[in-house]
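Accompanying notes for the structure given below.
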Amino acid sequence: MIAEPRKRGTEPGLSAGFPPLTMLSMNPLIEWPENGQTRRARWRSEAGLEPPQSLEVVDDSLTADAAFAAVRDGCALLWRGDWMNGRRLIQELTRRADRHFAFKAGDERSFAAHRQRQGRRAALLARLLVPLGPDYKLPLRRAQDVRPACREAWGKPDGSNSVLALRELLAVISAHEWRKKGVPVAAVGGSIHPHYGVFSPVRGEYVDLVAQAPLPPGCDLAFDIGTGSGVLAAVLARRGLNVVATDMAPRALVCATENIERLGLTEKVSVVEADLFPDGRAPLVVCNPPWLPAQPSSPVEYAVYDPDSHMLRGFLDGLPAHLAPGGEGWLIMSDLAEHLGLRSREDLLHWIDQAGLCVLGRIDTRPTHGKAQDRSDPLHAARAREITSLWRLAAQ
């Protein structure tokens, strides 16, 4: 696939959906003129952005104002300058983008408007690009060694030069550092080490709910549906249960397996690939599905956004067939979607009843993350009222 030049003045946003992994793995070829030669490289975009159709090679002589004007007009900039200067430039572009897309008096502050602005902002900032060599080496002055981080995120290099957004590379580097450092979680007696593309358990209130809720009588086995990093499986194992943890995402399966091994819980937890439920029944089935029924625009957002509440409804519909007699299903959910007008409490209760389930009780807690207190957040009014709940469900 060869990119054709784009006319300036356009400002495309993020694609409406996230492409399947087979499309991402194709890494289409792009080409551009540079120093009298035609250069070629593979295009990388975890968010499924289209290859740039207008690309200019730039260096340290470019000012932040000129760079912002170019990316605002739809032109991608391939950075050939100093690595540290490139990182400073993306910070300057981010500040300008924040001002450019800030809500103003009279603007609609709905979730849809917020997501649209987020998408346009992300697409604009993704137009500052960097090259990678065939072994993931970053061919820029004062460049750090990004090869370990890239191998963790994408696997073994395929020997091709590639081009990607600087913001995406910085996210890969950040994930690498978090993976090394880990996130301390008291309820597991150690740290959880999230991988790139796997949601990090930085919001501790939902973990504490699972750590503290009373277990069903005689419970010795639990299913953890959509385990992600494996944090809830580890919490349940620390409470003395044997756990079958499931996921469909390859990165999540690897991440959960490594965390369970690191915590010394391999005898208590089995990590298996499954579409929601494993075979059999258990006296406790736990699920922390994505909390907002919206379309993800990158892999890690699948831990936050659940299109049409697909995973939530799949869990509810399949739960009765996988509960042992007298067992409980624990649904861990925030009510943020209700405050944003994306899903009503009546909808949730209807789906629970429709699935042949009843509510035994609910344990509530309030989130303590920074956004709940950030009055500059366009969604502050909804976040300030948010409650995270553990719903105790049983078969009717």
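Of the strands (runs of 3 or more DSSP E) lying entirely inside region 162-211, those containing at least 2 residues that are over 24 Å from P367 (Cβ atoms) are 162-165. Look through region 190-248, keep the residues that are at pLDDT 95 or above and of a type in the set (S, T, Y), and return whichever of them is nearest to H322 (Cα to Cα). Among those that are at pLDDT 95 or above and of a type in the set (S, T, Y), it is T246. For region 34-51, the condition holds for no residue, the condition being that it is touching a Cys at 6+ places or on another chain (Cβ under 9 Å) and not in a helix (DSSP H, G or I). Residue pairs whose Cβ atoms lie under 7 Å apart, sitting 6 or more positions apart in sequence or on different chains, and linking a residue in region 185-196 that is among the polar types (S, T, N, Q) to a partner that is surrounded by fewer than 20 Cβ atoms within 10 Å (Cβ to Cβ) and outside any strand (DSSP E or B), are S191/G182. Between V210, V185, the distinction of being among the hydrophobic types (A, V, I, L, M, F, W, C), more than 13 Å from S229 (Cβ to Cβ) and crowded, with 17+ Cβ neighbours inside 10 Å belongs to V210 only. Consider region 41-73 and keep the residues that are among the small types (G, A, S) and at pLDDT below 95. The one that is surrounded by the most Cβ atoms within 10 Å (Cβ to Cβ) is A47. Across region 373-396, which residue is farthest from the chain's Cα centre (by Cα) among those that are among the hydrophobic types (A, V, I, L, M, F, W, C) and modelled with pLDDT of 95 or more? That would be A395.
Report every pair of residues separated by at least 6 positions or lying on different chains whose Cβ atoms are under 7 Å apart, first residue within region 143-164 and closer than 21 Å to R179 by Cβ and free of Cβ contacts under 8 Å to residues at least 12 places away in the same chain, second among the aliphatic types (A, V, I, L, M) and not in a loop (DSSP other than H, G, I, E, B). Short answer, once both residue conditions are applied: none. Restrict the check to region 93-107 and report whether at least one residue is in the same structural domain as D65 (by TED's automatic domain parsing), surrounded by 20 or more Cβ atoms within 10 Å (Cβ to Cβ) and either touching a strand residue (DSSP E or B) at 6+ places or on another chain (Cβ under 9 Å) or of a type outside the set (A, V, I, L, M, F, W, C) (or both). Checked against the condition, which is being in the same structural domain as D65 (by TED's automatic domain parsing), surrounded by 20 or more Cβ atoms within 10 Å (Cβ to Cβ) and either touching a strand residue (DSSP E or B) at 6+ places or on another chain (Cβ under 9 Å) or of a type outside the set (A, V, I, L, M, F, W, C) (or both), region 93-107 yields at least one hit.
Within region 301-333, the set of residues being in contact with a Lys or Arg (Cβ under 9 Å, 6 or more places away or on another chain) and among the hydrophobic types (A, V, I, L, M, F, W, C) comprises L312, A321, L323, A324, W330, L331. Among the candidates T266, T257, single out the residue that is of a type in the set (V, I, T), in the same structural domain as E205 (by TED's automatic domain parsing) and part of a loop (DSSP other than H, G, I, E, B). Answer to the check: T266. Mind checking whether some residue in region 128-144 is modelled with pLDDT of 95 or more, surrounded by 20 or more Cβ atoms within 10 Å (Cβ to Cβ), in a helix (DSSP H, G or I) and within 22 Å of the chain's Cα centre (by Cα)? No, every residue in region 128-144 fails to be modelled with pLDDT of 95 or more, surrounded by 20 or more Cβ atoms within 10 Å (Cβ to Cβ), in a helix (DSSP H, G or I) and within 22 Å of the chain's Cα centre (by Cα).
The values are calculated or read from the model by the stated rules, or taken from the named source; none is laboratory data. Note that the structure is predicted; figures quoted are calculated from it, not measured. No Cβ is skipped: glycine too gets one built from the backbone with ideal geometry, and neighbour counts run over all protein chains shown.
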